[in-house]
1. On the basis of being assigned by TED's automatic domain parsing to the domain that holds residue 75 and either modelled with pLDDT of 95 or more or in contact with a helix residue (DSSP H, G or I) (Cβ under 7 Å, 6 or more places away or on another chain) (or both), does residue 107 make the cut?
2. If you go through the range 272-313 one residue at a time, how many are assigned to a helix (DSSP H, G or I) and within 25 Å of the chain's Cα centre (by Cα)?
3. Quick check on this structure: which one of 121, 116 is assigned by TED's automatic domain parsing to the domain that holds residue 91, over 21 Å from residue 199 (Cβ atoms) and either free of Cβ contacts under 8 Å to residues at least 12 places away in the same chain or in a strand (DSSP E or B) (or both)?
4. Can you confirm whether residue 69 is touching a residue at least 12 places away in the same chain (Cβ under 8 Å), surrounded by fewer than 23 Cβ atoms within 10 Å (Cβ to Cβ) and among the hydroxyl-bearing types (Ser, Thr, Tyr)?
5. I'd like the residue in the range 190-224 that is in contact (Cβ under 8 Å) with a residue 60 or more places away in the chain and part of a strand (DSSP E or B) and, out of all such residues, is farthest from the chain's Cα centre (by Cα).
6. Return only the number of the condition from (1) at pLDDT below 95; (2) buried (at least 17 other Cβ atoms within 10 Å of the Cβ) that residue 172 does not satisfy.
7. Within the range 231-248, track down each residue that is of a type in the set (Asp, Glu) and under 16 Å from residue 203 (Cβ atoms).
8. Does residue 108 qualify as being acidic (Asp, Glu), closer than 23 Å to residue 14 by Cα and not in a strand (DSSP E or B)?
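The values are calculated or read from the model by the stated rules, or taken from the named source; none is laboratory data. Treat the numbers as computed from the prediction; the structure is a model and nothing was measured. Cβ sites come from the backbone with ideal geometry, for glycine too, and all protein chains shown count toward neighbours.
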Amino acid sequence: MFKFLHTADIHLDSPLKGLESYEDAPVEEIREASRRAFDNLIAFAIDEEVDFILIAGDLYDGPWKDYNTGLFFVNRMGRLKNAGIRVFIVAGNHDAASHTTKALPLPDNVTLFSAKKAETKLLDELQVAIQGRSYPASAVSENLASLYPSRHAGYFNIGLLHTALNGREGHEPYAPCSVDDLRATGYDYWALGHVHQQEIVARDPWIIFPGNLQGRHIRETGAKGATLVTVAEGRVTAVEQREFDVLRWVLCRVDLTTCETIDAVFEQVRQRIEAGRAAGEGRPLAMRVILAGACPVHADLIDRWARLIDELRGVAASAGEVWLEKVLLQTRHRTDLAEMVGRDTALAGLLHSLEELQLGTEDLFALVPDLPSFKTRLPHELFEGDEPFLADTPEQMDALRAEVRELLVARLLQHGGRG
């Protein structure tokens, strides 16, 4: 019997995004989250006495700013060497051969697979054959799986590959291949990387994405960690997901349908935050709160929005180590607007027009003629990442249209004496 840990997408020293504006944000925890999660993995591997570790790409987040990232990694590999644990790595799109500007000699317990062709490494004492290939460049469109060697007879065969398979939402379609391509190799286990959500793709053979080790922003919510695999008599007998993250991202949707007052809103949010704290098992939380539902306090929420955000942050702070990454308002009126103002009034006609408001990119530019010029004068970093500022995607435009419509309706109702 032997055991191994399968991890991927560590993105060592990648910053967490979304908490930078907090004066009391956990700066050290944010800055060192990926290192601390990696340390949790190392400690677990040593305590569990695993035989080897597989890293399926994106160990790093790109070229190092200095050698400290590499020195940290080499030091941890030294700890594993002292414990008799070997490590096998393929480079992914973030740490591809052509993308790496610095390097350090690795301890002899670490194997980095070639970017030129797929290789096989044999662990004769365990009867294990590990096949892998690193990325030669940051974008790989070739089906690398089709180039992997045939299974090594009499051994437990593992394929180590950084891939999006036949595509996964939110991930570039690198090294595309199908489950059938992987099965055709005859391997017993495929250790995949690149997709940040844990997924068991298949069980015959085992094809697994372990997810990333530490969530880095609100699109990487929930528990993060690695996969512990136990093999006995040439077959997988146990697959367990273990958690190693040190700060957890939570998307919290709060239904305000029953809330008659602002105080009731605060209480509803507090209860949901407490539930998130319990699920996080003591970890600090970075939470996005979405207020939703048809509720009688809809107009009040819009009217006091700026103050409301600070008040909700106070609710979160009172729960302990919880920081609100963002608060979104998706509530709506409980009563039909026409019934509120009368179906034949001028105000009703205007409200109906606002309810039907369509706002596309061209319409936005027409309303704000200087917007394109304004965007060119802003730092380019604002338009990069997971949620670019003033993006013109359909999703962003739908959200903007809804916000504009609800704000105008609330203002009209308020000044029309019905708010």
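1. yes
2. Within the range 272-313, residues that are assigned to a helix (DSSP H, G or I) and within 25 Å of the chain's Cα centre (by Cα) number 11.
3. After ruling out the rest, the residue left standing is 121.
4. yes
5. 191
6. Condition (2) is where residue 172 drops out.
7. 240
8. In short, no.
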